[in-house]
Amino acid sequence: MLNAWQSVLALWAKAGMLRYIIKRLLMLVPVLAGVILIVYLILNIAPGDPARIALGDEVSAEALHEWREYRGLNDPIVVRYFRYLFGVFQGDWGTSFRGVQGPVYDEIMALFPNTVFLAVVAMLITILLAFPIGIFSAVKQNTWFDYISIFISLIGVSMPIFWMGMLLLLWFSLGLGWFPSFGADELRSVVLPAVSLGFSAMASMARITRSSMLEVIRQDYIRTARSKGLSYGKVIHKHAIRNSLIPTLTIAGIQIGNLLTGTVIVEQVFSWPGIGRLMIQSILARDFPMVLGCMVLFTLVFSIVNLVVDLAYAYVDPRIRAQYS
């Protein structure tokens with residue numbers, strides 16, 4: 001009988017989790033609509049004529065008018081906004097103004113794996129460095145290791161990504177010649193962009209991990225575990241680390257989204273062929289459909305990452321998991 005009730009509760013918890021996931025996915029609709037509206041207004045307010053940029057300064061007024069008419073730019077902005085919005089939800093992201101062959105979606109998806117690869121490598125560097133540094137800084141508080149880690153974290157939080165990238169180019173590419181300075185032709189090409197992108201995220205995550213660990217190891221149950229004879233290492237490993245992961249997961253989810261959007265700067269500095277560099281080029285060319293398509297993809301990825309982080313809370317914290325049951 002007890003096993004039957006446990007099965008029912010488990011099914012109910014899964015159903016509650018499923019309802020929560022569906023609700024969060026449905027919330028993407030107004031989020032996407034709002035993001036597209038803001039970006040659309042900014043693009044239309046910004047100076048620059050897409051027709052003149054695409055055709056040049058020597059074309060006639062009739063040719064400019066025909067080009068705008070063909071692209072639908074002569075319609076009111078409200079009409080263009082809703083036309084694009086309905087097209088996005090139907091899977092049509094428009095066609096580039098720059099004469100690129102194929103729809104916007106195909107070109108973005110062709111470069112998206114490069115951006116994901118760069119962000120994943122940067123996130124691995126961030127996690128592999130931030131967690132140990134944050135944990136050991138808390139455990140070894142007020143030691144030389146703690147002071148050095150705080151100093152490095154302060155530099156990482158304060159230094160802009162593009163400045164970090166240029167320093168790495170000067171030192172390790174132009175100076176020592178260890179890594180390529182641009183492109184993605186070989187595996188070594190990802191090292192400098194990933195380090196430049198992940199250094200700031202590593203610094204922020206290390207500081208949050210240190211603060212969370214310090215708060216946890218000062219709790220009463222940690223002293224109780226120590227009084228029962230457990231070694232300090234076991235107490236940290238079995239009790240402190242897991243209970244300090246909630247704030248760390250929060251900043252990790254934010255940093256993953258920041259890494260994806262931060263590729264806009266890093267890809268431009270290192271000439272990395274990704275959608276961040278594509279968006280910069282499209283902004284300069286006033287290519288509205290391409291810029292909007294990149295922003296739609298960034299919004300989708302950011303929202304899904306936040307959803308995954310929220311679900312990870314339930315795995316780490318039993319109190320949150322109990323809410324679904």
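The values are calculated or read from the model by the stated rules, or taken from the named source; none is laboratory data. Given the structure is predicted, the values throughout are model-derived calculations rather than measurements. Ideal geometry is used to build each Cβ from the backbone, glycine not excepted, and the neighbour counts take in all protein chains shown.
Couple of notes before you dig in:
- Qualifying residue in the range 172-191 (condition: touching a Gly at 6+ places or on another chain (Cβ under 7 Å), under 26 Å from Met279 (Cβ atoms), assigned by TED's automatic domain parsing to the domain that holds Met279 and surrounded by fewer than 23 Cβ atoms within 10 Å (Cβ to Cβ)): yes
- Inside the range 69-84, residues that are on the phi < 0 side of the Ramachandran plot, surrounded by fewer than 17 Cβ atoms within 10 Å (Cβ to Cβ) and not acidic (Asp, Glu) make up a count of 8.
- The set of residues in the range 168-199 being in contact (Cβ under 8 Å) with a residue 60 or more places away in the chain and touching a Ser or Thr at 6+ places or on another chain (Cβ under 7 Å) consists of Leu169, Ser181, Phe182, Gly183, Leu192, Leu197, Gly198.
- Candidates Ser137, Ser96, Ser149, Ser181, filtered to the one that is over 22 Å from the mean Cα position of the chain (by Cα) and farther than 22 Å from Gly198 by Cα: Ser96
- Condition check for Trp163: surrounded by 14 or more Cβ atoms within 10 Å (Cβ to Cβ), under 21 Å from Gln281 (Cα atoms) and modelled with pLDDT of 80 or more: no
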